[in-house]
1. What does the C-alpha gyration tensor say about the overall shape of region A:181-289? Classify as rounded when a/c is under 1.5, otherwise prolate if a/b is larger than b/c, or oblate.
2. Relative contact order for chain B using alpha-carbon pairs under 8 Å, separation at least 6, rounded to a whole percent?
3. Using all Cα-Cα distances in chain B, what percent lands in each 5 angstrom bin from 0 up to the longest?
4. Mind jotting down the distance between the C-alpha centroids of region B:136-198 and region A:114-192, whole Å?
5. Classify region B:123-252: rounded, prolate or oblate, from the alpha-carbon gyration tensor (a ≥ b ≥ c, eigenvalue square roots; a/c under 1.5 rounded; otherwise prolate if a/b is larger than b/c)?
6. Of the residues B:Thr164, B:Thr57, B:Thr92, which exhibits the maximal mean-square fluctuation in a Gaussian network model of chain B defined by a 10 Å Cα contact cut-off?
7. Under a point spin-label approximation (7 Å from Cα along Cα-to-Cβ), what is the A:Leu83-B:Ala186 distance to one decimal in nm?
8. To the nearest 500 deg cm²/dmol, what mean residue ellipticity at 222 nm is calculated for chain B from DSSP H runs of n ≥ 4 alone, each contributing -39,500 (n - 2.57), summed and divided by the residues?
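Since every read-out is calculated from the coordinates, none of them should be taken as a lab result. Just so it is clear, the structure is predicted and the values come from calculations on it, not from any experiment. Neighbour counts are summed over all protein chains in view; Cβ atoms, including those assigned to glycine, are modelled from backbone coordinates with ideal geometry.
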Amino acid sequence: MSYNETISYLENLSVTLRNVKLRPTPVLLPWDGVPMPTMMGKQMRDDIDKERYSVEAVQRVAQICALFSAEHSSLSLREIASLTSIPVRTAAKIVSTLEARGLLSSSGKSGEWSLGPNWLKIADYKRNRTNIREAATSILYSLREQLNETFIFGVRDGDRRIIADCLVSTQPIRRVSRAGDEIALHVGSSGRTILAGLSDADVSAYLSRAKLINYGYDTMTDPKRIWADIKSARRDGYLTAQAEITKESFSSSAPIRSYRGEVVAALTITFPLSRLTDDLRNTSIRLVQEGAQRISRRLGYAPASNPTA
Amino acid sequence: MAKTAKSRRKTDPAKVPSPSRVRVIDRAIDILECFDETHEKATLQELSDRTGIHKATALRLLATLVDAGIVDQPDAGGTYELGFFALKRADTIHAASDIRQRAAPIMRQLRDELNETIVLSIRNGNLILNLDKFLTRQGIIEAPTIGVYTPLHESSAGLAVLSTFNEDALDAYMKEYCSGMTAAEARALRDSIAKPPEKTAIHNRTLAVAIVDSDGNAHAALSIQIPSGRIEPALAERCLKGLRKAARQLSG
């Protein structure tokens with residue numbers, strides 16, 4: 001039996017065992033003619049069990065702490081055990097460990113638990129050290145190595161989009177931009193990408209208080225057009241614009257999300273319209289989305305697939 | 001280094017091993033607590049040295065912590081740092097706190113008006129903890145410690161809460177928490193509780209006002225800590241006025 005065959009045999013076996021709800025017992029398997037027990041002595045099996053246990057206990061900490069929410073801010077031991085399928089006695093030990101370390105605390109209601117103050121302390125350390133610009137800068141450099149055009153990292157500040165960082169192309173004819181430049185949110189692909197991350201109510205409120213005037217060359221001033229653009233940004237995950245602020249420029253932007261999932265910034269690639277080809281357009285859209293996803297991951301954004309993260 | 005970590009574990013009551021606790025979880029939390037204001041990033045070796053946990057065990061624990069998002073390792077094989085898990089838990093604590101939900105917009109507005117750091121503290125019996133802050137946008141800040149319980153008399157926010165106590169309640173508190181103090185220290189403490197905050201502001205640089213519920217219980221406090229380079233009477237006066245107005249909106 002080759003290595004791959006053995007692995008798939010083992011995988012199939014464990015699937016079968018799971019389906020019939022049997023407790024997996026050590027199985028003898030041929031491995032190039034060597035019987036399994038010789039390869040895996042009792043000590044080794046114990047070690048593997050111990051390793052699995054230790055990892056599992058810490059996984060359970062994450063699982064338990066992720067149960068709490070604004071709606072379910074306190075839970076009884078029984079609820080914790082049944083929601084996580086952890087035996088009550090084990091859950092009790094984990095809970096008392098977490099309580100001693102300030103990660104859970106007994107809530108006002110008797111017999112109920114809630115998240116402990118130590119999470120606030122740890123979160124504060126993390127918050128003080130999470131620098132959105134720092135997260136982006138090194139990624140901007142690696143992106144420009146793939147495409148020598150200008151990269152702009154814009155963040156939201158109230159109703160404005162501010163350029164927090166930018167990395168200008170080294171080509172002789174290039175789009176230039178400066179960190180610190182700011183403009184209203186509805187102007188340009190970068191701002192509208194951020195705008196698209198807001199709720200419909202917040203977008204409407206913004207559009208009613210913002211002055212929809214022409215800021216540069218061909219700024220979108222019609223709320224209908226802005227809404228259409230917002231909808232396409234939400235649908236496609238990117239946005240393109242041309243000749244809005246600067247007559248001769250093309251740009252594509254993608255949203256950057258925080259660990260909360262909210263859009264906090266946008267990544268933009270911009271270049272002179274004279275260089276625009278279908279090929280460059282597609283490359284810039286692909287790169288801007290990839291880059292935005294990389295920066296989002298640095299900001300703790302995890303797409304919904306992982307419930308505990 | 002390993003030795004000091006071990007002896008610290010022995011003396012800190014939170015870290016005393018007990019049969020009703022899970023040792024491996026304690027160890028994982030030892031690793032987690034290596035990251036703080038001054039230790040933003042750490043290598044496996046550093047974490048192992050600081051906690052006294054064997055490198056092989058630390059590696060397994062870290063792999064689990066990284067998998068759960070509690071710890072982060074941005075580059076494979078590189079240094080470790082805190083993950084975003086704690087931020088989500090802190091958001092949950094904030095969202096579940098009624099007073100924090102009501103206070104947040106008021107605090108933000110006050111911060112924008114004064115451009116000083118506004119802190120919300122909540123009381124739990126005779127202890128108080130800083131629950132949330134809105135930071136000033138100025139270059140020099142005095143960062144408050146978030147998420148650590150202290151006895152009421154050890155923080156300005158707690159002193160503001162104590163100032164709402166009647167004589168009997170204050171006597172009981174002093175007896176329980178301040179029995180180790182000399183007579184002079186105890187007198188000084190009672191004086192500072194009795195004094196309205198504007199009298200102490202310039203000296204302590206922290207202004208605090210209690211938030212009182214409909215039963216007259218001070219269950220929270222708002223405070224502003226002004227860095228010494230900025231403190232002057234007119235600013236203290238403006239901050240105090242803002243705090244009082246905000247606390248009035250949140251009281252009752």
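1. Judged from the Cα gyration tensor, region A:181-289 comes out oblate (a/c at least 1.5, b/c at or above a/b).
2. 14
3. The calculated distribution, bin by bin, is 1, 6, 11, 14, 14, 13, 12, 12, 10, 6, 2, 0, 0.
4. The distance from the Cα centre of region A:114-192 to that of region B:136-198 comes to 42 Å.
5. It is prolate, given that a/c is not under 1.5 and a/b is the larger ratio.
6. For chain B, modelled as a Gaussian network with Cα springs under 10 Å, the answer is B:Thr57.
7. 4.6
8. -15500 deg cm²/dmol
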